[in-house]
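Just below is one structure, and these are the notes that go with it.
The values are calculated or read from the model by the stated rules, or taken from the named source; none is laboratory data. Small disclaimer: the values here were computed from a predicted structure and weren't measured. Heads up, the Cβs are rebuilt from the backbone with ideal geometry, glycines too, and the neighbour counts pull from every protein chain shown.
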Amino acid sequence: MNLIFDALVFFGFIACVLFVGFFKSRKKAGDGEQGAEDYFLAGRGLSWWLIGFSLIAANISAEQFVGMSGQGAGLEGISCASWEWIAAITLVVVAFCMLPYFLKTGITTMPEFLEVRYNHVARTLMTVSMIGILIVASLIGVTYAGSLVMFQLFNAFDVNISFTTCCVIMSIIAGVYVLFGGLKACAWADLL
C-alpha cells in the first residue's frame, strides 16, 4: 500500500510540475512571437515572492534531498548545513551590493556584466566555463540523485528498467518543460 502511495505521489508531482509549467508559460492571445526576454527573463513579469521561492528551490535540489541529507545524518553532520548557510549569505550580499547596479544598467547576467566591465573575451570565458562546470559538477549529480529515486521506485514495483534509462527519462522530463516554457515554467515548477 505504501509503495502505491509513493508512486502516486511521485508521478502525480511530475504531472503537476509539467502542467503548471506549461499552463503558466503559455502564450496569451495577441502576445505575438516570444522573444529572448520573454524566454530567459519571463518577460520581466514574475512577482518578487515567486522569484524568491524559485531562487531558494533552484538552490535546493535532488543533491540536497538525496545526498546531503544522508551526509548530514552521518559523520559529517553540521558541515553539510554550513554549505547552504554560506550560500544564503552570498545571495543577500549579491542582492544588496550588485543587484542595484544590474538594474540601473540593464544587465541581466554575470557574463554580460563581465563584458561591460572588461571585454567580450571575459564574457566568453565565463560563459564557457560555467556551462562546463554546471554540466560536469551540478547537472550530473542532480540527474543521478533524481534518477536513483526513480530507479528505486521502479524496482519496488518490479519494473525492469535500467538506471541509464531512468537518467534519460529524468533529463527529458526536465528538458521538455524548460524548452517549451523558459524561465517562467522553471519558476512555477520551482514553486511546486
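Of the residues that sit in segment 94-141 and are in contact (Cβ under 8 Å) with a residue 40 or more places away in the chain and within 30 Å of Cys166 (Cβ to Cβ), which one is surrounded by the most Cβ atoms within 10 Å (Cβ to Cβ)? Per the stated criteria, the residue is Gly141. Annotation note: Cβ proximity below 8 Å between a residue of segment 181-192 that is touching a residue at least 40 places away in the same chain (Cβ under 8 Å) and a residue that is among the hydrophobic types (A, V, I, L, M, F, W, C) and outside any helix (DSSP H, G or I) (sequence gap 6+ or interchain) occurs for Leu183/Leu46; Lys184/Leu46; Ala187/Leu46. Residues in segment 146-176 that are touching a residue at least 60 places away in the same chain (Cβ under 8 Å) and more than 16 Å from Ala57 (Cα to Cα): Leu148, Val149, Met150, Leu153, Ala156, Phe157, Ile173, Val176.
Suppose we filter Trp85, Trp188 for residues that are under 30 Å from Val9 (Cβ atoms), loosely packed, with under 11 Cβ neighbours inside 10 Å and within 19 Å of the chain's Cα centre (by Cα); which single one remains?
Values: Trp188 fails: loosely packed, with under 11 Cβ neighbours inside 10 Å.
That would be Trp85, the only listed residue that is under 30 Å from Val9 (Cβ atoms), loosely packed, with under 11 Cβ neighbours inside 10 Å and within 19 Å of the chain's Cα centre (by Cα).
Taking segment 33-113 and the helices (runs of 4 or more DSSP H) fully enclosed by it, the elements with 1 or more residues that are of a type in the set (S, T, N, Q) and at pLDDT 75 or above are at 48-59, 78-97, 99-105. Checking each residue in segment 142-180 for being surrounded by fewer than 18 Cβ atoms within 10 Å (Cβ to Cβ), of a type in the set (S, T, N, Q) and under 14 Å from the mean Cα position of the chain (by Cα) picks out only Ser171.
Inspect all residues belonging to segment 4-22 and state whether any of them is more than 16 Å from the chain's Cα centre (by Cα), at pLDDT below 70 and farther than 30 Å from Phe113 by Cβ. No - not one qualifying residue is present in segment 4-22.
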